[in-house]
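The values are calculated or read from the model by the stated rules, or taken from the named source; none is laboratory data. For clarity, every value in this text was computed on a predicted model and none was experimentally measured. Using ideal geometry, Cβ is built from the backbone for each residue, glycine included, and neighbour counts are taken over all protein chains shown.
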Amino acid sequence: MSPTVVITIISLSILAVISAVILYFVAQRFKVYEDPRIDDVQAILPAANCGGCGFAGCRNFAEVLVSAETFDGLNCPVGGSTVMDAAAGILGKVPVKVDPLVAVLLCNGTPEFRPFTSVYDGVADCRIQHSLYIGETDCSYGCLGNGDCVRACQFEAMHMDPVTKLPVIIDDNCTACGACVKACPRKLIELRKKAKKDRKIYVACSNCDKGGPARKACKVACIACSKCFKVCEFDAIVIEKNLAYIDATKCTFCRKCVSECPTNSIIEINFPPKKPKIEVQAEAVSN
Amino acid sequence: MLKTFPLGGIHPPEFKLTSGSPIKQLPLPQTVAIMVSQHIGAPASLLVNKGDSVKTGQLIASINGFVSSNIHSSVSGNISKIDTIIDTTGYRQTAVFIDVAGDEWVDTIDRSSELVRDINLKPEEITEKCRESGIVGLGGATFPSHVKLTVPTGKKCNLLIINGVECEPYLTSDHRLMLEKGEEILVGISILMKALGVEQAMIGIENNKSDAIAHLTRLSSDYKGITVYPLAVKYPQGAEKQLIKALINREVPSGRLPLDVGAVVHNVGTAYAVYEAVQKNKPLFERVVTITGKSVTNPGNYLVRTGTAVRHLIEAAGGMPDDTGKIVNGGPMMGKALNNTEVPVVKGTSGIILFPSNESIRPELKPCIRCAKCISACALNLEPYLLANLSARGLFERAEIEKITDCMECGSCSYTCPANRPLLDYIRLGKSTVIKMARQRNIK
């Protein structure tokens, strides 16, 4: 070996040792303590980083969970009770029961019910169309149909129906992260309590106009006639700003309001078809 | 070399089809719908009820807050209902519907066409008169004029600039007004000068209106301190900041007002309205509207009462051509398409343009090629491609740092884009969101 190589090896080795010693002490001095449980909790979170919990991603939520006194008001909508129970197990805390939610569209204005009055050829973006004008129909509250909500959904739980021109929500995929709720400029998507067998009864309308103009713009608009409010025995229906609203936590799915609604703006989903009354009587007799 | 602003700007084809058509009075319609919000600021508060009978020029909704304006009835008749109607904002807004019966004016209005040159009012009285008469900026922004005439303490105004640029293609309402009401405009300018306490006024007119320049230059020799300046033709010269830069070579800093460089800008239409309000006691309830379009059989300039449906204007111009694809309210650059023809004319309506369908299609959208044409076209030194992308992605905080609120929405960037990107659409969205965010921050 030539002396140059030997000198190089020795000098570099000395440099390496000195640097290692400096780095060791610097690392000791500026060490940041991190709770190891944060990593454990993060590992069980769904890693969707959807922001549905209200925090900036799963890591942030894990930090909040570890430092929180109780789990009140903290919930991962994507993981649901399984993830929250597991996190509670790791941290030795009591899990809080949170009802699972699902997104529903508060508009049923298909072209059949809500005729087109103008043509929009601008940017296919609901936010822009909403800022420009009332929309292609006469309803200033209804769905614009450009699919901002579909683009916001990262769980493939939404798609646009080409016939109805409305977004369709697939309940099984919906995690109630709330991204579509934020994306909709007309606030047409609501997160409602999930019921058994995915049953739903809700007012599929957001039109706050008075009955006349609302009905003129859309055949299935809520006209705030109060019939549902009168028929409801459980105080689940309130009428505000010319619009009926069914409280999902009070609703018992008796379906009385559905048949009472003169404009069919209250819709029921995933119910078995109602048996005609005569048939029921016949069965009773035969029994 | 003619004066103009140095940065950016475009030269769209002019198509000033109606510059030779004298202003005609549009016949009164059978009903009018007078909006209670025809200006920037708080809507006026209603003073009338259903069933009341009103006279032409009667106050029907009063000023509500500092930045607001009075609304007067434009016709005489009975109020049939107070309801909502889709107006130029694209949404339903409150309007007063009046069934027209005759044309009986309020007694105090001087209806003679005689020119009154002597200004008898004190400066404060002039401002008060503008406030009472519901005068707003008629260039299109409809900012209440009395607010502009009130110079805040600590600020000094030493120059009045009159905007006779009318840089939008197609529109000719200001042009015709300058030709036909030149004397009245000059008296109006003298009134504004007295109200502001300034000795000097400059009228900026683009060189494509040489007849108006010659006419006003000849007349202005009789009026002390008023000079006419021809300007090179370039869009958007009618914007306040660009006009100031062109005339006196001073730049209004970002987020500041023309008053910060000692100038106040008013439109020629406003000067005429001020003349009528102060000398003739006539509130603002009619204005000149251009109705035009390449296929329109009889385009022209009409003196229209506010509240008249756009439909009547189109009928007066020979009906809607069969090939109409879009009806635009305002100029082709900054105007907005209407979704029906029942939309009433408001104080800010400068023109109605009927575009044939082959001109009103949106060309195919292509990817941005980073050619930076939008940057060269921007008169405010912004980066339109960046602002549009930021707001499309919802990065509004960053857009605010990039000065999205400086944008005046002139549309030069979208006009010049070879890839047909909807730049202005997204910038408008971002700008309104950023303004909303800033307002919320101020509340907190």
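All of B:382, B:387 fail the test of being in a loop (DSSP other than H, G, I, E, B), away from every other protein chain (no Cβ under 11 Å) and under 22 Å from residue B:335 (Cα atoms), apart from B:382.
When every residue of region B:414-431 is checked against the conditions, at least one turns out to be more than 23 Å from residue A:151 (Cβ to Cβ) and either touching a residue at least 60 places away in the same chain (Cβ under 8 Å) or assigned by TED's automatic domain parsing to the domain that holds residue B:327 (or both).
Taken over region A:122-152, the criterion of being part of a loop (DSSP other than H, G, I, E, B) and facing chain B (nearest Cβ under 8 Å) is satisfied by A:122, A:123, A:125, A:133, A:134, A:140.
Residues considered: A:237, A:223. Of these, the only one that is touching a helix residue (DSSP H, G or I) at 6+ places or on another chain (Cβ under 7 Å), within 15 Å of residue A:141 (Cα to Cα), away from chain B (no Cβ under 14 Å) and not aromatic (Phe, Trp, Tyr) is A:223.
Within the set of pairs 6 or more residues apart or between chains, which connect a residue that is within 30 Å of residue B:300 (Cβ to Cβ) inside region B:352-376 to a residue that is exposed (fewer than 14 other Cβ atoms within 10 Å of the Cβ) and polar (S, T, N, Q) with Cβ atoms less than 8 Å apart? Close Cβ pairs (under 8 Å, with a partner that is exposed (fewer than 14 other Cβ atoms within 10 Å of the Cβ) and polar (S, T, N, Q)) amount to B:362/B:420. With respect to residue B:362, is the statement that it is closer than 16 Å to residue B:413 by Cα, surrounded by fewer than 13 Cβ atoms within 10 Å (Cβ to Cβ) and more than 11 Å from chain A (Cβ to nearest Cβ) true? Taking the combined requirement at face value, the residue does not satisfy it. Look at region A:254-267: where a residue is farther than 18 Å from residue A:104 by Cα and a partner is β-branched (Val, Ile, Thr) and in a loop (DSSP other than H, G, I, E, B), sitting 6+ places away or on another chain with Cβ atoms under 7 Å, you get A:263/A:220; A:263/A:223.
Restricting attention to region B:80-89, does a residue exist that is more than 17 Å from residue B:273 (Cα to Cα), more than 14 Å from chain A (Cβ to nearest Cβ) and assigned to a strand (DSSP E or B)? Within region B:80-89, one or more residues are more than 17 Å from residue B:273 (Cα to Cα), more than 14 Å from chain A (Cβ to nearest Cβ) and assigned to a strand (DSSP E or B).
So is residue A:98 at pLDDT 90 or above and more than 14 Å from chain B (Cβ to nearest Cβ) or not? Criteria not met by residue A:98. If you go through region A:196-216 and keep only what is within 11 Å of chain B (Cβ to nearest Cβ), of a type outside the set (Gly, Ala, Ser) and in a helix (DSSP H, G or I), you end up with just A:213. The listed residues are B:389, B:340, and the only one of them that is free of Cβ contacts under 8 Å to residues at least 40 places away in the same chain and surrounded by fewer than 20 Cβ atoms within 10 Å (Cβ to Cβ) turns out to be B:389.
Taking each residue of region A:160-182 that is under 17 Å from residue A:113 (Cβ atoms) and looking for partners that are of a type in the set (Ser, Thr, Tyr) with beta-carbon atoms closer than 9 Å, six or more apart or interchain, yields A:161/A:110; A:163/A:110; A:164/A:110; A:165/A:110; A:166/A:110. Determine whether residue B:42 is in a loop (DSSP other than H, G, I, E, B), without any contact (Cβ under 8 Å) to a residue 40 or more places away in the chain and within 23 Å of the chain's Cα centre (by Cα). Spelling it out, residue B:42 is indeed in a loop (DSSP other than H, G, I, E, B), without any contact (Cβ under 8 Å) to a residue 40 or more places away in the chain and within 23 Å of the chain's Cα centre (by Cα). Just to verify a result, which residue in region B:1-28, among those that are exposed (fewer than 13 other Cβ atoms within 10 Å of the Cβ) and aliphatic (A, V, I, L, M), is farthest from the chain's Cα centre (by Cα)? Per the criteria, the residue is B:1. With respect to the conditions (1) more than 14 Å from chain A (Cβ to nearest Cβ); (2) of a type in the set (Lys, Arg); (3) over 30 Å from residue B:38 (Cα atoms), residue B:393 falls short on a single one, namely (1).
Results for (1) within 21 Å of residue A:264 (Cβ to Cβ); (2) hydroxyl-bearing (Ser, Thr, Tyr); (3) surrounded by 20 or more Cβ atoms within 10 Å (Cβ to Cβ); (4) at pLDDT 90 or above, shown as yes or no for each residue.
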position	(1), (2), (3), (4)
A:126	no, no, yes, yes
A:135	no, no, yes, yes
A:170	no, no, no, yes
A:190	yes, no, no, yes
A:195	yes, no, no, no
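For region A:82-96, the candidate set comprises residues that are out of contact with any helix residue (DSSP H, G or I) (no Cβ under 7 Å at 6 or more places or on another chain), over 20 Å from residue A:33 (Cβ atoms) and not polar (S, T, N, Q); within that set, the residue that is surrounded by the most Cβ atoms within 10 Å (Cβ to Cβ) is A:84.
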